[in-house]
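Trainee: Handing you a structure now.
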Amino acid sequence: MRRLDLDLAIYRDRVQLTDRATGQFVDQRAEYPFSDRRLVHDGKALEHTLSHALRKLLTGAVLLHDPRAFVVRTELPLSPSERELVRGALANIGVREVQFGCSEDS
């Protein structure tokens, strides 16, 4: 059993997930837009997009052991409220630890 470590990049109505251990990559467009003037406006739509990306990434039976996500890139800087929306969306799909490694200028 291994810990699930994900790199997450967030763009306007699109996310990219990479499994750090396997290098497997998914680029997922939002079925329901989560961006407006802000990069992350709708947490539920972001959650929907993330859940679809995670399902594509994790093919077959996988046990999620202490899943962790690193937000490594964003198209625009995230405000504190946007960071909370990201944390909430990730928590709702089972990710227990979130780290923001992207700079405020990314």
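Bear in mind that the values in this text are calculations on the coordinates, not laboratory data. If you're wondering where the values come from, they're calculated on a predicted model, not measured in any experiment. Cβ sites come from the backbone with ideal geometry, for glycine too, and all protein chains shown count toward neighbours.
Trainee: Can you give the angle from 0 to 90° between the axis of helix 80-92 and the longest principal axis of the chain, with both taken from C-alpha atoms, to the nearest 10?
Mentor: With both axes taken from Cα atoms, the answer is about 30 degrees.
Trainee: How large is the Rg to Rh ratio of region 1-56 when both quantities use alpha carbon positions and Rh follows Kirkwood?
Mentor: Values: Rg = 11.7 Å, Rh = 11.5 Å.
So for region 1-56, dividing Rg by the Kirkwood Rh gives 1.01.
Trainee: Also, I was wondering about something else. Can you show me the helix-derived [θ] at 222 nm for the chain, built from DSSP H runs with n ≥ 4 at -39,500 (n - 2.57) apiece and divided by the number of residues, rounded to the nearest 500.
Mentor: -8500 deg cm²/dmol
Trainee: Quick check: pseudo-label points 7 Å beyond the Cα along Cα→Cβ at residue 59 and residue 41, how many nm apart are they?
Mentor: Going from the residue 59 label point to the residue 41 one covers 3.5 nm.
Trainee: Just checking my list (1) 40; (2) 51; (3) 68 against percent of Cα pairs over 18 Å apart computed from this structure; which label fits?
Mentor: (1)
Trainee: Follow-up. Give, rounded to the nearest 20 debye, the magnitude of the charge dipole that region 4-106 has about its Cα centre when Lys and Arg contribute +1 at Cβ and Asp and Glu contribute -1 at Cβ.
Mentor: The calculated dipole for region 4-106 is roughly 160 debye.
Trainee: Can I ask one more? Rank by packing, highest mean first: peptides 79-86, 6-13, with packing defined as the count of other Cβ atoms within 10 Å averaged across residues. Write down the numbers at each step before the final one.
Mentor: Details: 79-86: 16.0, 6-13: 20.1.
Final packing ranking: 6-13, 79-86.
Trainee: Roughly what angle does helix 43-57 make with the longest principal axis of the chain, taking Cα atoms, 0 to 90 degrees, to the nearest 10?
Mentor: 30 degrees
Trainee: Using the Cα centre of the chain as origin and beta-carbon charges of +1 (Lys, Arg) and -1 (Asp, Glu), tell me which of 43, 54, 100 is placed farthest towards the positive end of the dipole.
Mentor: 54
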